Structure formats: C-alpha cells, structure tokens
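Everything below concerns the one structure shown next.
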Amino acid sequence: MADYDVVVVGAGNAALAASVSAREAGAERVVVLEKAPREMRGGNTHYSGGMFRFAFDTIEDLLRVVPDANELAGFPEGVEPYPRDAFWADLLRITNGRTDRELAEVLISNSFDTVCWMVAQGIEMEPAVSLGGVMVGNVIKWPKGAIVRAKHEGVGLSRSWFEIVARRGVEIRYETGAWKLLCNGGGRVAGVVAKGPGGGAEITGRSVVLACGGFEANQAWRAQYLGPPWDHAKVRGTKHNQGDGLRMALDIGALAHGQWSGCHATPINAEAPAYGDRELTDKTNRLSYPYGLMLNKLGRRFVDEGEDQQFFTYARFGGVILNQPESIAYQIFDAKVRHLLEPRYATSEPVTADTLERLVERLDLDRATALETIEAYNRAAGRGRFDPGECDGMAAKGIEPPKSNWAQRLDTPPYLAYPVTGGITFSFGGLKVDERARVIGTDWRPIPGLYACGEMVGGLFHSNYPGGSGLTSGVVFGRIAGASAAMKQSE
Ligand SMILES: Cc1cc2nc3c(=O)[nH]c(=O)nc-3n(C[C@H](O)[C@H](O)[C@H](O)COP(=O)(O)OP(=O)(O)OC[C@H]3O[C@@H](n4cnc5c(N)ncnc54)[C@H](O)[C@@H]3O)c2cc1C
C-alpha cells in the first residue's frame with residue numbers, strides 16, 4: 001500500500017490549493033513536500049503582491065469576493081466589470097495570440113468560481129488600492145481586471161493557505177526536496193524519491209501533483225533557455241525554484257510546452273538583493289514608469305513607457321531593461337506626478353535635483369545625450385488631457401520610440417530619478433497539461449498518476465503576461481489537479 005493517497009511537491013499557492021482540493025475530493029492521506037525549511041516556506045507566493053485577475057460580470061459579483069470594499073471611499077464607482085471576453089481579449093493581445101487556447105479557457109472560465117472557492121476556504125481579499133488604484137477626483141480608477149488582492153498580500157495569502165491545510169489535516173514535510181519520480185512497472189507514477197533531514201527516502205503515493213515552481217532561480221537553465229544576460233538577473237522571489245519538478249517530469253517523458261525562451265520579469269530597484277527579501281517581498285517593484293521616462297546608460301529612451309497600463313507592460317519591460325547596457329535604466333519623474341508613484345517607491349531614496357541638468361549630472365549615464373533625449377521628448381510631449389486612470393491618448397509622437405499615453409512634459413521641479421534593473425519573477429516554459437491538469441507525455445497521452453499546476457504549467461503565457469494571472473492560474477489548476485489526483489483513488 002502506498003504511504004499516501006496524494007503526494008504534492010512544493011508548498012506555494014498552487015500546491016496548497018491542490019492539497020485542500022484533494023482532501024475535499026476524498027483523499028485521506030495527503031502530504032506536501034517542501035524543499036525549503038519552514039521559515040522559508042511559501043515559495044514565490046510569499047513574495048507576491050497577492051493580486052488575482054479574474055472575470056466578473058457585475059459589481060455585485062465583485063462584492064462577493066470583497067464584501068467589505070463598500071466601506072472604501074471611492075469604491076466601486078471606478079470599477080468596470082471584467083467579463084470573460086475582456087479577459088480573453090487581454091490574454092490574446094498580451095501573448096500575441098500564442099496562449100494555449102485550451103488552457104486559457106480553463107483559466108478564464110474557472111477564474112471567478114475559483115476565487116470564490118478561496119474565499120469560502122477562509123482567504124480574505126481586499127481591493128488592491130496601493131497596487132493599481134488611482135484616485136481621480138473622488139473616484140478610485142482601476143486598471144482592467146487588476147482590482148483584488150489577498151489581504152496582507154502574498155504574506156497573508158501564504159499564511160492563510162498554511163492555516164487552511166493544517167485544519168484540513170494535510171501533513172507537511174519541510175526540508176524535503178523531491179528529486180526523482182518513481183514509476184511502477186506499468187509506467188504509472190507511484191511517488192517520489194526525496195532528500196529530507198534524515199537523508200534520501202522513497203515516499204510513495206497513488207498520485208503525485210507537481211507544484212514546485214519554474215526554473216527562474218536556476219542560473220544555468222536561465223543561461224541555457226533564456227540566454228544571456230538572464231544568467232545574471234536578480235530573482236524577485238524564492239531561491240528554491242530551480243526547475244526540479246520540470247527536470248523530474250521531463251526525465252520520465254513529460255512533454256515540454258510553452259515558451260521556454262520567455263519569462264516574466266519586472267523593473268525593480270537596481271539595489272534589490274540577488275534573491276527575494278522575505279520582509280521587502282514585492283516592494284522592490286518600480287512600476288510607475290508610464291508617468292515618466294526611462295533612460296539607459298547611453299542616455300537614450302528604449303521603450304514606449306506609455307504603451308499601455310502598467311499591468312499589461314511591466315512583465316515584459318523587466319526583460320527590456322535587463323537587456324540595456326549594464327542592465328540598468330533610470331526612471332525619471334517630475335513633481336507633477338510624484339503623488340502618482342506607487343507607495344512601493346518609498347522603499348528607496350531617489351536622486352533629486354531642481355533642474356534637469358543637475359539631475360543628470362548625478363546619474364551614471366551619458367549626460368549630454370540624456371539631456372538631448374529629454375529635450376526632444378519635451379518638445380513632442382504635452383498635447384492632450386492627462387488622465388492617470390486610463391489610457392489617455394496624450395502621446396508624444398515624432399520621437400523614437402514614441403510615448404503613447406501620459407506624455408506630460410518633464411518641466412516641474414524637483415525632478416526625481418530611480419535606478420532600476422530587470423528582476424526575474426518566473427519562467428514561462430513548463431509542462432503540457434490537459435483540462436484535468438494531467439501531465440501529458442511525449443506520446444501525447446496522459447502520464448498516469450502525474451499532475452502539475454502553478455508555474456509548472458506551460459503554454460499560458462508568451463512574451464508577456466496580464467498582471468495577476470499567475471496566482472489565479474495556480475489556484476485554478478491546483479484545485480483541478482488536487483481533485484483529479486484524489487479521484488484516481490477510485491479508478
Ligand atoms: C515578487 C513577486 C510578486 C508577485 N506578484 C504577483 C501577483 O501579485 N499576482 C500574481 O498573480 N502573481 C504574482 N507573482 C507570481 C506568482 O506569485 C507566482 O508565480 C506564484 O506564486 C507561483 O506559485 P506556485 O505555487 O506555482 O510556486 P511557488 O509559490 O513558488 O511554490 C513552489 C514551491 O516549491 C518548492 N520546491 C521547489 N523545488 C522543490 C522540490 N524539488 N521539492 C519540494 N519542494 C520544492 C519551493 O520551495 C516553493 O515553496 C509574483 C511573484 C513574485 C516573485
């Protein structure tokens with residue numbers, strides 16, 4: 001007899017959702033194996049902003065998820081419903097039509113119901129005011145679909161999941177890293193070999209759910225799959241997501257899927273540590289660039305800062321910055337927009353000056369070119385009506401690259417500059433799974449007894465990513481994986 005009904009590998013958002021779902025679906029003996037020590041538990045989920053993108057048709061639906069939000073001044077007047085077709089349109093646009101349609105349908109059609117399931121489990125949600133909300137007059141305006149986060153962000157989300165799994169009687173083994181999948185004679189996955197505090201051991205289970213993240217913290221794999229300069233990128237989250245689960249699955253014939261040369265990476269404070277800081281979590285992010293300019297070390301702009309709302313560009317711009325000379329850029333703002341900078345900017349001190357000349361003197365870049373760039377931008381900017389709450393069409397044209405929205409002149413001292421680099425969040429390449437979260441093999445058939453969820457699912461995101469989709473995907477596929485893995489008991 002197997003040691004467990006379901007063995008879940010990893011202890012982040014996807015894994016813990018899978019373990020709860022497996023218990024709900026009738027699995028009695030469920031174990032979660034976590035490579036990290038207890039004090040480092042929670043994976044990338046702990047470091048996250050806790051934001052969930054999900055489809056909802058009416059404000060009443062939204063208020064089912066955030067019932068206390070009515071007490072917030074200016075809410076929900078500035079919220080637009082986000083029906084499934086809007087989520088679809090965003091995902092298709094952002095991934096250049098490359099998202100796996102079958103998986104995207106699973107993600108989008110289950111997104112609302114799954115977030116409601118989380119709330120029913122006891123996970124509290126709140127409007128993500130400091131992340132995406134912009135006060136315009138008396139109304140908080142929201143980027144489309146990016147409105148709700150777990151209370152106390154990733155730290156609260158992770159803590160809540162651990163409380164829930166404890167109540168559900170799920171066993172957790174810390175410092176227990178799985179490194180090999182066990183298969184029986186019929187090719188069915190029958191457990192894992194893991195290295196725990198007492199040494200290596202076989203842990204058998206009737207099903208295995210892999211939920212142990214992507215390869216974002218693995219420098220060699222980053223060099224191999226993403227190419228230089230990704231090997232020297234800072235990692236925004238856990239150092240434990242080394243691609244172990246991907247390697248184990250590929251070793252037994254799982255099918256690689258999605259964009260293995262792509263990843264999610266964001267503009268972060270250039271002084272951020274090499275790996276995520278458990279206290280700072282996601283506060284190194286620097287995402288208010290749509291209201292300013294970004295200059296590289298050559299003193300040039302290199303991207304349309306106002307191409308779209310931040311949650312539709314930030315996951316791509318990290319990589320664009322990383323690919324600039326020395327992987328550094330400066331975000332430059334003037335006093336007119338200082339109040340619009342996300343509160344996360346308060347975790348570092350900007351370089352400030354009363355004139356643009358004095359500002360660039362204090363930056364480590366080509367100063368003459370930087371001033372020319374800003375002057376050319378200022379000549380092209382300032383036409384139209386500035387509205388921070390939506391794409392306002394206030395464009396600076398005739399410069400390369402143009403700035404498509406929020407193109408106010410930089411003309412009001414004091415001026416501010418924040419040095420940024422690109423930090424990797426998670427890799428896009430993963431395993432092929434089906435609508436039951438079964439891992440598909442290179443023979444295009446499900447590998448019996450093996451499921452995957454979270455960052456390990458390949459195919460959903462390509463080149464870019466709509467903010468808040470990762471956590472939703474983790475719970476959607478985690479919930480399905482857990483239920484499927486438990487159901488196998490009766491097969
Ligand atoms: C700073 C930051 C902010 C983010 N903000 C958001 C956000 O607001 N909204 C959003 O949707 N997404 C966000 N993301 C992305 C999202 O949080 C992650 O992609 C998601 O949490 C991943 O969940 P997961 O369960 O797949 O993996 P993780 O939460 O990373 O969990 C994987 C776990 O597996 C463990 N593990 C690894 N290898 C092994 C092994 N061999 N054996 C056992 N255990 C192993 C790890 O230790 C880890 O605990 C953010 C990510 C970061 C880093």
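The values are calculated or read from the model by the stated rules, or taken from the named source; none is laboratory data. Just so we're clear, the structure is a prediction, and the values are computed from it rather than from any experiment. Positions of Cβ are generated from backbone atoms using ideal geometry, with glycine treated the same way; all protein chains shown enter the neighbour counts.
Key figures for this structure:
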item: Residue among Gln331, Gln309 that alone is at pLDDT below 95, buried (at least 21 other Cβ atoms within 10 Å of the Cβ) and over 14 Å from the mean Cα position of the chain (by Cα); result: Gln309
item: Segments classed as strands (runs of 3 or more DSSP E), wholly inside region 286-378, with at least 3 members that are under 23 Å from Ile399 (Cβ atoms); result: 293-296, 329-333
item: Selection within region 228-256 - within 21 Å of the chain's Cα centre (by Cα) and either surrounded by fewer than 20 Cβ atoms within 10 Å (Cβ to Cβ) or at pLDDT below 95 (or both); result: Pro229, Asp231, His232, Lys239, Ala256
item: Residues of region 187-224 satisfying the condition of being outside any strand (DSSP E or B) and more than 11 Å from the ligand (Cβ to nearest atom); result: Gly187, Arg188, Pro197, Gly198, Gln219, Ala220, Trp221, Arg222, Ala223, Gln224
item: Region 125-151, residues that are of a type outside the set (A, V, I, L, M) and over 18 Å from Thr472 (Cβ atoms); result: Ser130, Gly133, Gly137, Asn138, Lys141
item: Test: residue in region 85-95 that is within 16 Å of the ligand (Cβ to nearest atom), under 19 Å from Gln309 (Cβ atoms), touching a residue at least 12 places away in the same chain (Cβ under 8 Å) and of a type in the set (Val, Ile, Thr); result: yes
item: Which numbered condition Ala146 misses (of (1) within 10 Å of the ligand (Cβ to nearest atom); (2) surrounded by fewer than 20 Cβ atoms within 10 Å (Cβ to Cβ)); result: (2)
item: Breaking point among (1) over 12 Å from Val79 (Cα atoms); (2) within 13 Å of the ligand (Cβ to nearest atom), for Ala166; result: (2)
item: So Ala104, is it buried (at least 17 other Cβ atoms within 10 Å of the Cβ), away from the ligand (no atom under 13 Å from the Cβ) and within 16 Å of Val476 (Cα to Cα); result: yes
item: Selected residue (only one of Leu287, Leu295 is at pLDDT 95 or above, over 20 Å from the mean Cα position of the chain (by Cα), closer than 26 Å to Val351 by Cβ and crowded, with 23+ Cβ neighbours inside 10 Å); result: Leu295
item: Search result, residues across region 9-27 that are more than 6 Å from the ligand (Cβ to nearest atom) and at positive phi; result: Gly26
item: Residues satisfying the stated conditions in region 1-25, i.e. in a loop (DSSP other than H, G, I, E, B), touching a helix residue (DSSP H, G or I) at 6+ places or on another chain (Cβ under 9 Å) and under 19 Å from Gly191 (Cα atoms); result: Gly10, Ala11
item: Subset of region 454-466 (residues that are under 20 Å from Gly49 (Cβ atoms) and either assigned to a loop (DSSP other than H, G, I, E, B) or of a type in the set (Phe, Trp, Tyr) (or both)); result: Leu460, Phe461, Tyr465, Pro466
item: Residue in region 73-93 that is farther than 22 Å from Arg149 by Cα and in contact with a helix residue (DSSP H, G or I) (Cβ under 9 Å, 6 or more places away or on another chain) present; result: yes
item: Test: residue in region 266-273 that is touching a residue at least 12 places away in the same chain (Cβ under 8 Å), part of a helix (DSSP H, G or I), within 17 Å of the chain's Cα centre (by Cα) and surrounded by 24 or more Cβ atoms within 10 Å (Cβ to Cβ); result: no
